[in-house]
Amino acid sequence: MLTTHEGGCHCGKVRFRVKADLAEVLDCNCSVCTKKGFLHLIVPPEQFELLKGQDELTVYQFNTGTARHQFCASCGMHPFYVPRSDPDKIDVNARCLDNIDVSELTPKKFEGKNWEAANTAHHLDQA
Ligand SMILES: [Zn+2]
């Protein structure tokens, strides 16, 4: 079920509004998400609105440079980013939503660590 939430970084300079289904939360095991503790809600851009803070965002990129790991330059939080798995979508950090009880979420595992292998297998399935 799609519900509307607001959220942001820790210091409040970056704020956003998102329409998302909290039952679709993903927990990714890749190198960066593991360390960050990012809980993913991947939504189409029309369900995401940046309310303020575009100028506060710094981008960290590595490996293929497809993912744009944005974070607040002031407080270092990663409220959302553009994921490599879906570069045309926005990936919101469920931990950065207002009034969210993370212990009530039931994240599904996302295979980010071996993403190339998993992705190739997916394409083979379709061949
Ligand atoms: Zn901040």
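Since every read-out is calculated from the coordinates, none of them should be taken as a lab result. Just so it is clear, the structure is predicted and the values come from calculations on it, not from any experiment. Note that each Cβ is placed from the backbone with ideal geometry, even for glycine, and that neighbours are counted across all protein chains shown.
Quick one: SER103, SER31, fewest Cβ neighbours within 10 Å first, how do they rank? If you can, show how the numbers build up before the last one.
On the way: SER103 6, SER31 12.
In increasing order of surrounding Cβ atoms, one gets SER103, SER31.
Using a 4.7 Å Cβ-Cβ cutoff, the cysteines of the chain lacking any partner cysteine are CYS30, CYS96.
Is the shape of region 26-114 rounded, prolate or oblate, going by the alpha carbon gyration tensor and its root eigenvalues a ≥ b ≥ c, with a/c under 1.5 for rounded and a/b larger than b/c for prolate?
Details: a/c = 1.38, a/b = 1.06, b/c = 1.30.
Because its axes are fairly even, with a/c under 1.5, region 26-114 counts as rounded.
In what order do LEU2, LEU97 fall by count of nearby beta-carbon atoms within 10 Å, going from fewest to most?
LEU2, LEU97
About its Cα centre, region 25-102 has a charge dipole of approximately 340 debye under the convention of +1 per Lys or Arg Cβ and -1 per Asp or Glu Cβ, with nothing else charged. Loop-located chymotrypsin sites (Phe, Trp or Tyr not before Pro) in region 45-112 (DSSP state not H, G, I, E or B) with no more than 10 neighbouring Cβ atoms inside 10 Å: PHE62. In summary, the aspartates and glutamates within cross-link reach of LYS13, defined as a Cα separation below 12 angstrom excluding same-chain residues under 8 places away, comprise ASP55, GLU56.
Here the spin labels are modelled as points 7 Å beyond Cα on the Cα-Cβ line, and at PHE62 and ALA23 they lie 3.5 nm apart. A Förster radius of 22 Å combined with the Cβ-Cβ distance from MET1 to LEU51 puts the calculated FRET efficiency at roughly 0.45. For HIS69, nonlocal amide neighbours, meaning residues 5 or more places apart or on other chains whose placed amide H falls under 5 Å from its own, are TYR60.
Normalised by the number of residues in the chain, what is the relative contact order in percent for Cα pairs under 8 Å and 6+ residues apart? Kindly include the intermediate steps, with their values, before the conclusion.
Values: 246 pairs, mean separation 36.5, N = 127.
The normalised contact order for the chain reaches 29 percent.
Among beta bridges identified by DSSP and lying wholly in the chain, the antiparallel ones come to about 90 percent.
Judged by the gyration tensor of its Cα atoms, with axes a ≥ b ≥ c, region 1-49 is oblate; a/c meets the 1.5 cut and b/c is at least as large as a/b. In degrees between 0 and 90, to the nearest 10, how far off the longest principal axis of the chain does helix 115-126 point, with axes built from Cα atoms? Computed tilt is about 60 degrees.
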